[in-house]
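The values are calculated or read from the model by the stated rules, or taken from the named source; none is laboratory data. None of the values given here were measured: they were computed from a predicted structure. When we count neighbours, we look across all protein chains shown, and the Cβ atoms used for this are built from the backbone with ideal geometry, even at glycine. Ligands, DNA and RNA are stripped out before the accessible areas are found, and what is left, the full protein with its side chains, is counted by its heavy atoms. Shrake-Rupley method; radii C 1.70, N 1.55, O 1.52, S 1.80 Å.
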Amino acid sequence: MELLQGMEELAREGGRIMLSAHHISAREKTGDADLVTEYDLAVQETIRTGLARLLPDARFVGEESKDNRSPSEGKCFVVDPIDGTTNFIKNYRHSAVSIAYLENGQVERGVVYDPYQNEMFCAKRGKGAFVNQTQIFCSQVPLSHGVIGIGTCPYYVDLRTKTLAAAAQLIKQCQDLRRGGSAALDLCYTAAGRLDGFFELQLSPWDYAAGSLIVTEAGGVITNLEGNFPGFDVPSPIVAGNPLSVPSLLKLLASM
Ligand code: IPD
Ligand code: CA
Ligand code: CA
């Protein structure tokens with residue numbers, strides 16, 4: 001079986017667990033906004049054991065794992081079992097399973113699955129990006145006419161204030177803003193032209209690893225605040241969009 005197909009099947013399995021959820025109770029990890037549910041743990045365990053069967057010599061880094069060192073070394077899966085946990089707990093129905101496969105720090109395959117819309121976003125390096133078998137492309141809309149997604153850094157209190165200050169400037173320079181609550185889906189929506197750009201001042205590798213390949217394979221750009229490709233070993237600010245919107249977004253964020 002092609003690795004990408006196996007990853008898609010496991011993402012669907014994770015999605016089925018998400019859809020089976022009721023009476024979700026959350027426990028705090030690091031603070032009020034940082035929550036984990038039994039479903040995050042169950043989805044991660046299903047995916048971890050499935051990936052170990054698919055490719056036994058690859059390592060596993062998951063948001064809910066204890067040992068999350070060096071995704072950039074060798075073969076490694078980087079997994080967010082439920083991206084958009086707050087949405088999941090609120091039954092807002094906008095969350096996704098995200099699975100990336102990296103070789104020496106380069107994402108080779110990525111899948112992001114939204115079980116509520118039954119949308120499977122996927123990409124294989126050099127082969128384009130797709131949603132449910134239809135090829136997707138970033139928009140060619142400049143910032144001035146763009147709808148821009150933002151992430152509000154719920155786990156970094158100081159960055160939340162800075163984000164809202166940047167958003168107050170940004171909304172004067174674009175058509176409108178969106179805050180979806182799943183960074184993985186924000187990146188896929190950017191790849192599909194549903195958003196014209198996206199930024200969040202700090203994300204973890206499992207939030208953006210799969211989405212980063214989906215964006216670039218859709219003709220888009222993903223950078224840190226310096227305009228460089230973000231690595232996967234430590235959290236990073238993320239700016240994504242089309243080749244017209246990203247330079248304008250970077251300029252605005254640099255002025256903050
Ligand atoms: C979060 C979501 C959210 C973003 C946060 C992420 P989680 O992931 O992607 O949209 O704003 O920064 O941490 O905790 O729901 O997996
Ligand atoms: Ca996440
Ligand atoms: Ca998560």
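Remarks
- Sorting 245-254, 228-237 by their mean Cβ neighbour count within 10 Å, with the most densely packed peptide first, gives 245-254, 228-237.
- Lys/Arg +1, Asp/Glu -1 at C-beta; segment 3-135 dipole; positive extreme among N68, L35, T49: T49
- GNM result for the chain, Cα springs below 10 Å: residue of V215, V157, V147 fluctuating most strongly: V157
- A dipole drawn for the chain from +1 and -1 charges on Cβ atoms has a positive end, and of F199, N91, Q169 the residue lying farthest that way is Q169.
- When the surface is traced with a 1.4 Å probe over the full set of protein chains, E38 keeps roughly 110 Å² accessible.
- Mean separation of Cα contacts under 8 Å, 6 or more apart, over the residue count of segment 3-135: relative contact order %: 21
- Relative to the Cα centre, the charge distribution of segment 143-254, modelled as +1 at Lys and Arg Cβ and -1 at Asp and Glu Cβ, gives a dipole magnitude of about 340 debye.
- Modelled label reach - L55, point 7 Å along Cα→Cβ, segment 92-121 residues with backbone N closer than 17 Å: 98-113
- Most mobile listed residue (I82, I17, I148) in the chain, GNM with C-alpha springs under 10 Å: I17
- Each Lys and Arg Cβ is given +1 and each Asp and Glu Cβ -1; about its Cα centre, the chain then shows a dipole of about 420 debye.
- Here the Gaussian network model covers the chain, with springs between Cα atoms less than 10 Å apart; of K162, K172, K124, K172 fluctuates the most.
- Taking the protein heavy atoms of segment 44-89 in the context of the full set of protein chains, the accessible area attributed to carbon and sulfur is 48 percent at 1.4 Å.
- When the Cα positions of S248, P237, G14 are compared along the charge dipole of the chain, S248 comes out farthest toward the positive end, with charges on each C-beta of Lys, Arg, Asp and Glu.
- Segment 143-254, accessible surface, carbon-and-sulfur percent (1.4 angstrom probe): 56
- Ellipticity estimate at 222 nm from DSSP helix runs (n ≥ 4, -39,500 (n - 2.57)) divided over the chain, nearest 500: -11000 deg cm²/dmol
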